[in-house]
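Worksheet: the structure to be examined is printed underneath.
The values are calculated or read from the model by the stated rules, or taken from the named source; none is laboratory data. Everything numeric here is computed off the predicted structure, so don't read it as measured data. A quick note on method: Cβ atoms are made from the backbone with ideal geometry, for glycine too, and the neighbour counts reach across all protein chains shown. Areas reflect the complete protein model, heavy atoms only, side chains present, ligands, DNA and RNA absent. Shrake-Rupley method; radii C 1.70, N 1.55, O 1.52, S 1.80 Å.
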Protein chains: 2
Amino acid sequence: MTNLSPLQIERLKYQPKLPSSLANGISHLIMNEGSATEAVANKEDIKNLFKNTYGKPTVTFQTSTEAVECSQRNVGVILSGGQAPGGHNVIAGLYDALKQANPENKLYGFLGGPSGIIEGKYVEFNDKFIDDYRNTGGFDIIGSGRTKLETEEQFQSSWEVCKKLNISAVVIIGGDDSNTNAAMLAEWFVAHNADIQVIGCPKTIDGDLKNDQIEISFGFDTATKTYGELIGNIERDANSAKKYWHFVKIMGRSASHVALEAALQTQPNITLISEEVEQKKMSLSSIIDYMADIIVRRSQIGKNFGIAVIPEGLIEFIPELKAMIANLNDVMPALEKDSKYTNGSDADKISIIENSLSSENSSVFKSLPSLIKSQLLMDRDPHGNVQVSKIETEKLLISMLEEKLSQLKKEGKYTGKFATQSHFFGYEGRCAFPSNFDADYCYSLGYNAFALINFGMTGYLSSVRNLTEPANNWLAGGVPLTMMMNMERRHGEMKPVIKKALVELDGPVFKKLETNREDWAMNDRYLFPGAIQYFGPASVCDITTVTLKLESESRLAEV
Amino acid sequence: MTNLSPLQIERLKYQPKLPSSLANGISHLIMNEGSATEAVANKEDIKNLFKNTYGKPTVTFQTSTEAVECSQRNVGVILSGGQAPGGHNVIAGLYDALKQANPENKLYGFLGGPSGIIEGKYVEFNDKFIDDYRNTGGFDIIGSGRTKLETEEQFQSSWEVCKKLNISAVVIIGGDDSNTNAAMLAEWFVAHNADIQVIGCPKTIDGDLKNDQIEISFGFDTATKTYGELIGNIERDANSAKKYWHFVKIMGRSASHVALEAALQTQPNITLISEEVEQKKMSLSSIIDYMADIIVRRSQIGKNFGIAVIPEGLIEFIPELKAMIANLNDVMPALEKDSKYTNGSDADKISIIENSLSSENSSVFKSLPSLIKSQLLMDRDPHGNVQVSKIETEKLLISMLEEKLSQLKKEGKYTGKFATQSHFFGYEGRCAFPSNFDADYCYSLGYNAFALINFGMTGYLSSVRNLTEPANNWLAGGVPLTMMMNMERRHGEMKPVIKKALVELDGPVFKKLETNREDWAMNDRYLFPGAIQYFGPASVCDITTVTLKLESESRLAEV
């Protein structure tokens, strides 16, 4: 690589920290086994589907004074799904462990995600190759992809490719779905006596791959810090100019962990949480009422400005919109074959749709601003569904609030000004340089993945815990993937999946928001996290998220 | 202040660097005068308007071993216009200099911008107050405002307020317009024997307040680094996912310095520069052709992704759109009094407008996507004009490119995919924690402003130069504001104004883009600047912009 930024040059030199249990190297490890494990739910179903890999114990590593010889082995690695900061360090940690164990070992990277192992597209890593990517963001080292590794044919061709390269273990770096597929591949390889191990690594900025075994997926720390930086900067701008309400939509379709963490870092005036909206069955108009009330009360104390943080997936959690979108997805395939619809103007299309929906859903549709109606008409996704990610929820809320506030103004209940700016942050944080935390965590996950491989484990997730402590106190080990699974309906069929973690309304993280929400709404408790720092005081450079801190404190309080 | 982020706590401790000439304090300074100066153009007009303050020499400071006594004086300070990182440090530098000179001195901050001095709204600073804001972003310390200080009545009431507080000098921190007003106020005070000095400080993230005397306005460094961080992160995401073209609009209405600097920091595939569009009289369709050509050629080598950087003000520089918008501004006032228009549907309004514009402008209007047409219909600004800042230029370009590419596809000239994401960055960077450069520069500007006051100067801009050198080599002094002025037509009248610096197409900064643009278009020379660093290697923490570096190198080459 030529042409590096000054920060890139310095970050390439950073030596990520390892848990002390791993710090003496792969050849000086003892593996301790816990007791047998069970799936979180649907135990019998999961056991039946994973006959060979179910029920294995969790394991932990500790250093040993005695050195063990490590036989030669080749390993393959795959990046799966959306980018998360730190992926390159997982590969670097894996590479370093593998080469330290035996310099004859080889690490192959499959290109473009899971399709790389299926189609036999790969590179072999060497020192120079890896060194260019240490402590950098992105998945550009080998690319990523969204192919699901789940069919018999895919497993078969993956096996062929591994045989050709003499690969005896595959590491899959991915989210809940990718790790579910890792579990299936592990089971399939054992069932077919393929003698190929499969180890997963927990990746996703969404923060929804966590449970009793996994404290957090990698990337969440860096991504939320990047969004926190931007929201904090905008808060300071709002508080200086005192003339805009800023509506900030934050990436995260199914869970609101990212919006919640970003809000705890910055303490904005309004934070919406999808899980709360769903569980309390809040209607769109009740959300607008809640927001309008804060806007009105702030204007009464002379504050015609503020910040609202909104999770990307919000509208799928508002019951009436969820029902309307489902209805729309049902009627659209027929409409799109109807020339009266396809040849109609936008206005024609809208009126045809209004007549095609059930009366309840039709009135929900009619109540939406025209910008949002057009966005609902846009190109379908490959399954023919409305592309919810294209809906500008932040503008939907602004438009409905404008209407609500102008009505309140007519009624003499509001005399303020409502000027707005909207923002959407997502792509800005997925490929940031990993924070020191993510750089260390990812390197440890990759290093630890090779420790699991070296002890012959398969169907395990690389696990590094105790993450609010300094890195040398982190605990390294492995968790059977089946332990985190249950059965869920997907496209009409019951499937084994790793359970997604949603924001828990009775958990310590949401409670922190709930307790402070009225104070933050009115009193401008803005916090300005600033840019992620890599050098300097540990209090700035080595801290992790508020979420992790609160969850860890709550766990300790229970003990 | 309670409730500080970890970075805030550390940044409050940072001691900004001063030029060595100022480092021995206000009482150990000698001021050297250069020769008399002249306005950059319209010398006679400017001289006539500024009879008392015209033609003064530039001045520079050097340390002296002899201490001078500093008499007691009160000073007022105003933040004017849009936020820029470092404003708080100008005030902190001013405060420290003033208190070091004489502990009896008082610093007053006028609240909410220039209206504070007119209406007599102020605070008196003390140590605790100032300490809470050191090295932080934002203008929230006293707020800012956009009132123009230019009428006789405003000057008169400012004088009354100053007399009441026994203020003998006012520091105005602002952009070109605010400093023009500072020059007028300085002249007025002298002409009225008010015995009140006025000193300006060069502020604006836009980077268009620069000339032979001013290397750069403060805030440009931090703001462009923040945008550079985000564009770099998005480039890494694009290069990992390889599925989106990202269109990034960057704040900056009249000059493209910010977009250009951000592009030099990150080397995206496409960068549009408003000044080039205007000077080469590029039509909207020729811009679309230029962009489509790169998109097509990249798709031919398998790259259906990329990054395009677009300056916010672009559409005002495209001749046909500029003419159409001017025509629209002419016809709208009448239409808005016409009930047929105001009561019409959006479609009605659009057709009425199409009939009201000249035939040429009407066909330009008709060629625009419907989203942009509606944005052109939105609320006028206070002058009744189209709000150009509300036009989503990034979406305009995307929409027109979609059309162009689908036509090329029909003609068999394009077989790629064109999926897009759009972004607008502006508010994210105006209130970031100032970079070390801006923290030092601003502190020096404020400190130096008091040095000018102490030597009795008025109508001067605080000047700190030689900025690509380490801070101790910086040169401190003052430049007569009238020296940077010329006459320009504003609202139909010739007015004295400080000349705005536009991007020069034959300058070293634009040349750097021009020379590399084809290489960057095709070969992905993405640079990833990462987050602004405040601690650590000087190569990362203490560098300033590419713009300043290239301009300084070019100046040295000329010598």
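Cβ-Cβ below 6 Å, separation at least six or inter-chain, first residue in region A:513-535 and facing chain B (nearest Cβ under 7 Å), second aromatic (Phe, Trp, Tyr) and open to solvent by 30 Å² or more (accessible area, probe 1.4 Å): which pairs?
Within 6 Å, the pairs are A:PHE535/B:PHE535.
So is B:GLU38 of a type in the set (D, E, K, R) and farther than 23 Å from B:GLY446 by Cβ or not?
yes
Scan region B:112-132 residue by residue and report those that are assigned to a loop (DSSP other than H, G, I, E, B), farther than 14 Å from B:ALA84 by Cα and either within 11 Å of chain A (Cβ to nearest Cβ) or over 22 Å from the mean Cα position of the chain (by Cα) (or both).
Scanning region B:112-132 gives B:GLY112, B:GLY120, B:LYS121, B:PHE125, B:ASN126, B:ASP132.
Just to verify a result, which residue in region B:1-47, among those that are within 14 Å of chain A (Cβ to nearest Cβ), open to solvent by 30 Å² or more (accessible area, probe 1.4 Å) and hydroxyl-bearing (Ser, Thr, Tyr), is farthest from B:SER462 (Cα to Cα)?
Taking the candidates together, the pick is B:THR2.
Yes/no per residue for (1) surrounded by 18 or more Cβ atoms within 10 Å (Cβ to Cβ); (2) within 27 Å of the chain's Cα centre (by Cα):
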position: B:LEU149; (1), (2): yes, yes
position: B:GLU152; (1), (2): no, no
position: B:TRP159; (1), (2): yes, no
position: B:CYS162; (1), (2): yes, no
position: B:ALA169; (1), (2): yes, yes
position: B:ASN181; (1), (2): yes, yes
position: B:PHE189; (1), (2): yes, no
position: B:ASN193; (1), (2): no, no
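In region A:389-399, what residues are of a type outside the set (S, T, N, Q) and more than 18 Å from A:ASN304 (Cβ to Cβ)?
Once the filter is applied, which keeps residues that are of a type outside the set (S, T, N, Q) and more than 18 Å from A:ASN304 (Cβ to Cβ), region A:389-399 yields A:LYS390, A:ILE391, A:GLU392, A:GLU394, A:LYS395, A:LEU396.
In region A:328-384, what residues are outside any helix (DSSP H, G or I), closer than 16 Å to A:ILE315 by Cα and of a type in the set (Ser, Thr, Tyr)?
A:SER367
Please enumerate the residues belonging to region B:270-324 that are open to solvent by 50 Å² or more (accessible area, probe 1.4 Å), outside any helix (DSSP H, G or I) and over 27 Å from B:ALA501 (Cα atoms).
Answer for region B:270-324, where residues must be open to solvent by 50 Å² or more (accessible area, probe 1.4 Å), outside any helix (DSSP H, G or I) and over 27 Å from B:ALA501 (Cα atoms): B:ILE301, B:GLY302.
Based on what the data block shows, is A:LYS404 free of Cβ contacts under 8 Å to residues at least 60 places away in the same chain and more than 14 Å from chain B (Cβ to nearest Cβ)?
No.
Would you point out the residue of region B:536-551, among those that are in a helix (DSSP H, G or I) and surrounded by 18 or more Cβ atoms within 10 Å (Cβ to Cβ), that is farthest from the other protein chains (Cβ to nearest Cβ)?
In this case the residue turns out to be B:GLU551.
Determine which member of the set B:LYS148, B:LYS163, B:LYS203 is at negative phi and modelled with pLDDT under 95.
Matching residue, one of B:LYS148, B:LYS163, B:LYS203: B:LYS148.
Look at region A:20-47 and say how many of its residues are more than 21 Å from A:ASN466 (Cα to Cα) and in a strand (DSSP E or B).
Residues meeting the conditions: 1.
Filter region B:536-552 down to the residues that are out of contact with any helix residue (DSSP H, G or I) (no Cβ under 7 Å at 6 or more places or on another chain) and touching a residue at least 60 places away in the same chain (Cβ under 8 Å) and list them by number.
B:LEU548, B:LYS549, B:SER552
Got at least one residue in region B:468-480 being more than 30 Å from B:GLU316 (Cβ to Cβ) and of a type in the set (Ser, Thr, Tyr)?
Scanning region B:468-480, I find at least one residue that is more than 30 Å from B:GLU316 (Cβ to Cβ) and of a type in the set (Ser, Thr, Tyr), so the answer is yes.
Matching residues to (1) in contact with a strand residue (DSSP E or B) (Cβ under 8 Å, 6 or more places away or on another chain); (2) away from chain A (no Cβ under 11 Å); (3) among the basic types (Lys, Arg); (4) open to solvent by 40 Å² or more (accessible area, probe 1.4 Å):
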| residue | (1), (2), (3), (4) |
| --- | --- |
| B:SER362 | no, yes, no, no |
| B:LEU397 | yes, yes, no, no |
| B:LYS413 | no, yes, yes, yes |
| B:ARG430 | no, no, yes, no |
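Please count how many residues of region B:211-259 are facing chain A (nearest Cβ under 8 Å), open to solvent by 10 Å² or more (accessible area, probe 1.4 Å) and part of a helix (DSSP H, G or I).
2
Can you work out which of the residues in region B:75-110 that are part of a strand (DSSP E or B) and among the aliphatic types (A, V, I, L, M) is surrounded by the most Cβ atoms within 10 Å (Cβ to Cβ)?
B:LEU79
Working only within region A:56-74, note down all residues that are buried (at least 17 other Cβ atoms within 10 Å of the Cβ) and either assigned to a loop (DSSP other than H, G, I, E, B) or touching a Cys at 6+ places or on another chain (Cβ under 6 Å) (or both).
A:LYS56, A:CYS70, A:ARG73
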